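The values are calculated or read from the model by the stated rules, or taken from the named source; none is laboratory data. All values reported here derive from a predicted model rather than from experimental measurement. Quick reminder, even Gly has a Cβ in these numbers, built from the backbone with ideal geometry, and neighbours come from all protein chains shown. Just so you know, the surface numbers come from the protein's heavy atoms only, side chains and all, with ligands and any DNA or RNA stripped out. Shrake-Rupley method; radii C 1.70, N 1.55, O 1.52, S 1.80 Å.
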Amino acid sequence: MQTLSQFIGSHHSGETSSKNEWANKDFLGTPKIYKPHSVLCRQDDDDDTIFIVKSGWALLYRGLLDGERQIIDTPLWGDVVGLRSVDGPRFASLASITELAVHEVSRKALVERILSGGNFGNRFACSLARANAILAEHLVNVGRRNAMSRTAHFLLELEERLSSVGLSAHGRYECPLTQHELADILGMTTVHVNRTLSELRKADLVSFKAGHVEVLNRKNLVKVAGFDNEYLR
């Protein structure tokens, strides 16, 4: 299935589409570029800007009262962040890891375009359904899977998500996440993440070193993770 960004950028000379459909795409305009480690929006902000990731890596996270944080997701190409059904403060913060390109649009403008016809609304609904499925798996990860399973599951998920947009091949992909960020994603300590990654490497399942991930034995890694990619479709 195409991501939303693939759909936005998929028009080539000779393709046919309805006038409304292309108006829906064009309204997103030129993406805004953020430098690495920029904060795009903060938890409890009141603005209604919605972000559609065009390229790069980001972190969606919720700050806790003790100063810690839980990273909810790593939005990637085509992912939608910040859509709410009512006015009010944001639930989470969004920050870039690498240089990040995003389309920024108001909730009102987006809703108007969705209702104007064409396939954009269907693609947008599919994108949101996929995001909800990903968040559900992340909840299962931190709530029920052990350290080996949750780490393996997350790395396989990243591979699938990146592969769908041409950023992973043959079980290899670039991953700028630090072990500290992995810890905040997986609900583990940094020391525990380091130890778990070492165990996965010693078992010849997966290697994560210097920003490079390589799946060494997919069949066994999938078994350890209990991974079923159906939720990503």
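Tabulated results
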quantity	calculated
Too-long pairs where the Cα-Cα distance tops 29 Å, listed order kept, from K32/K209; K35/K202; K32/K108; K32/K223; K35/K223	K32/K209; K35/K202; K32/K223; K35/K223
Estimated D of the range 138-207 in µm² per second, where Rh is the Kirkwood radius over Cα pairs and Stokes-Einstein applies at 4 °C, 1.567 mPa s	104
With all protein chains modelled, accessible area of I185 [1.4 Å, Å²]	10
Size of charge dipole - the chain - debye, nearest 20, with Cβ of Lys, Arg +1 and Asp, Glu -1, no other charges	480
Alpha-carbon radius of gyration plus Dmax, which is the widest Cα pair, for the range 37-117 in Å	13.0, 46
With eigenvalues of the C-alpha gyration tensor scaled by 5 and rooted, the chain, Å	32, 21, 15
Highest-fluctuation residue, S93, S163, S127 considered, GNM on the chain with Cα pairs under 10 Å	S163
Given charges at Cβ of Lys, Arg, Asp, Glu: the chain dipole, positive-most of L197, G63, G166	L197
Rounded accessible area per residue of the chain, 1.4 Å, Å²	52
